[in-house]
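Note sheet for the following structure.
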Amino acid sequence: MMTKLKDLYQEWIFHFDKPLIISGPCSAESEEQVLETARRMDKSYVQVFRAGIWKPRTKPGSFEGIGEVGLQWLQKAKKETGMLTATEIANATHVKAALAHDIDIVWIGARSTVNPFTVQEIAEALKNTEKIILVKNPVHPDFDLWVGALERLAAQGIKKLGVIHRGFSAYKKSQYRNQPHWQIALDFRNHYPNIPILCDPSHICGEREGISAIAQQAFNFEYNGLMVETHRKPDEAWSDAKQQITPERLLEILNRIKLRKEDDTQDIEYQKKLSGIRTQIDELDHNILALLTQRLQLAEEVGMLKKNHNIAIFQPKRWEKITERLGHFGKNLGLSAEFTETFLKMVHQESINIQNQVMLKEAKKD
């Protein structure tokens, strides 16, 4: 019988007396680069040294990793610094090489998580391993794929599991390389509080300036740690140069991080104020849903009118006016452009769905 994820007690995370920090270059480029970066890490914060050995690239011809020789460099870094080692694996061959070089932690990347066949191959190659296996969220916001990858690993007798939240790709460019979609990660934590979760601010941001803020947000949500890309000379990195920082900059960020605790305080004044605020929030949430219901009921009436006058459901000019007008309105209210756009798209899509149902219903009657 397959072990259920919720039944797996992940005590491995408690072997680290501080939040788990995994850091190192996006790609191993040379032995000198790997060792210098590792030496400059502050070992009182960074417990695991990472480096990409095989790099899945969008197009051929780009640097796709140094290959297996880089695993020897990781071994040397571990021997010299005492840090554990970690790297990404994308197929059974990678697994075999990583295990042969006694890599302590391996992770399945976002491009691999999205493919159940790939995950299954990796899981079978890792069968019954005692190594720590981390799974990055899939490229696209698909909760079930993320969970499914973990279930495939658990089915192969793998006990030490964790996940990495690295953000999700989006159709349009925004301030992030990959949208955080915090709610998906929080949903994961809610369903599987026993599975450790790390944040990868480097891939969420895609540039180094935002790493500190994203890292703090992760700890505001009580994440178990971070994976941050560092390089001895970030601007000269062979891959993802913009999102890498120096080991010294990482230390500055970690020194400023404030760790949050679980809400178990018995402070009466705090609990009283929090209860009052939450009561207001609950009331406003009910009002918002009631107003949305009225809004969608009007969408149904619009659908009837369009049906009776043989008008297409989607009207681009009308949609353009709505987004422009409410975009400005939201900005004036202090709402982020990203939130306003996402909210409007969701309401608009539901409105279209309702109008389409009206059209189909009336068509069946005809």
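The single condition among (1) under 21 Å from THR87 (Cα atoms); (2) within 13 Å of the chain's Cα centre (by Cα) that GLN156 does not meet is (2). Identification of strands (runs of 3 or more DSSP E) wholly contained in segment 54-142 with 1 or more residues that are touching an Asp or Glu at 6+ places or on another chain (Cβ under 8 Å), aromatic (Phe, Trp, Tyr) and assigned by TED's automatic domain parsing to the domain that holds ILE195 yields 105-108.
The C-beta contact set for segment 158-179 (first residue within 25 Å of ILE122 (Cα to Cα) and at pLDDT 90 or above, second residue assigned to a strand (DSSP E or B) and among the charged types (D, E, K, R), distance under 9 angstrom, 6+ apart or interchain) comprises VAL163/LYS136; ILE164/LYS136; HIS165/LYS136; ARG166/LYS136. The requirement of being more than 30 Å from TYR176 (Cβ to Cβ), part of a helix (DSSP H, G or I), β-branched (Val, Ile, Thr) and not assigned by TED's automatic domain parsing to the domain that holds LYS18 is not satisfied by VAL347. When LYS258, LYS331 are screened for being surrounded by fewer than 10 Cβ atoms within 10 Å (Cβ to Cβ) and closer than 23 Å to TRP182 by Cα, only LYS258 passes. If you go through segment 334-352 and keep only what is touching a helix residue (DSSP H, G or I) at 6+ places or on another chain (Cβ under 9 Å) and not acidic (Asp, Glu), you end up with LEU335, SER336, ALA337, PHE339, THR340, PHE343, LEU344, LYS345, VAL347, HIS348, SER351, ILE352. Going by the conditions given, is LYS18 in contact with a strand residue (DSSP E or B) (Cβ under 9 Å, 6 or more places away or on another chain), over 16 Å from ILE103 (Cα atoms) and not aliphatic (A, V, I, L, M)? Yes; evaluated as a whole, the condition is true for this residue.
A search for C-beta distances below 6 Å between a residue of segment 121-138 that is closer than 18 Å to VAL163 by Cα and in contact (Cβ under 8 Å) with a residue 40 or more places away in the chain and any residue that is of a type in the set (A, V, I, L, M) and buried (at least 24 other Cβ atoms within 10 Å of the Cβ), counting only pairs 6+ apart in sequence or on different chains, returns LEU134/ILE164; LYS136/ALA110; LYS136/ILE164.
Yes/no per residue for (1) under 20 Å from ASN137 (Cβ atoms); (2) surrounded by 21 or more Cβ atoms within 10 Å (Cβ to Cβ); (3) of a type in the set (Phe, Trp, Tyr):
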{"site": "ASP187", "(1), (2), (3)": "yes, no, no"}
{"site": "PHE219", "(1), (2), (3)": "yes, no, yes"}
{"site": "LYS233", "(1), (2), (3)": "no, no, no"}
{"site": "LYS242", "(1), (2), (3)": "no, no, no"}
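Just one of CYS205, CYS199 is closer than 21 Å to HIS140 by Cβ, touching a strand residue (DSSP E or B) at 6+ places or on another chain (Cβ under 9 Å) and modelled with pLDDT of 95 or more; which is it? Result of the check over CYS205, CYS199: CYS199. Just wondering, is there one or more residues in segment 116-132 that are aliphatic (A, V, I, L, M) and within 14 Å of the chain's Cα centre (by Cα)? No, segment 116-132 contains no residue that is aliphatic (A, V, I, L, M) and within 14 Å of the chain's Cα centre (by Cα).
The values are calculated or read from the model by the stated rules, or taken from the named source; none is laboratory data. Predicted model only: the values in this text are computed from it and were never measured. Please note: Cβ atoms are built from the backbone with ideal geometry, for glycine as well, and neighbour counts cover all protein chains shown.
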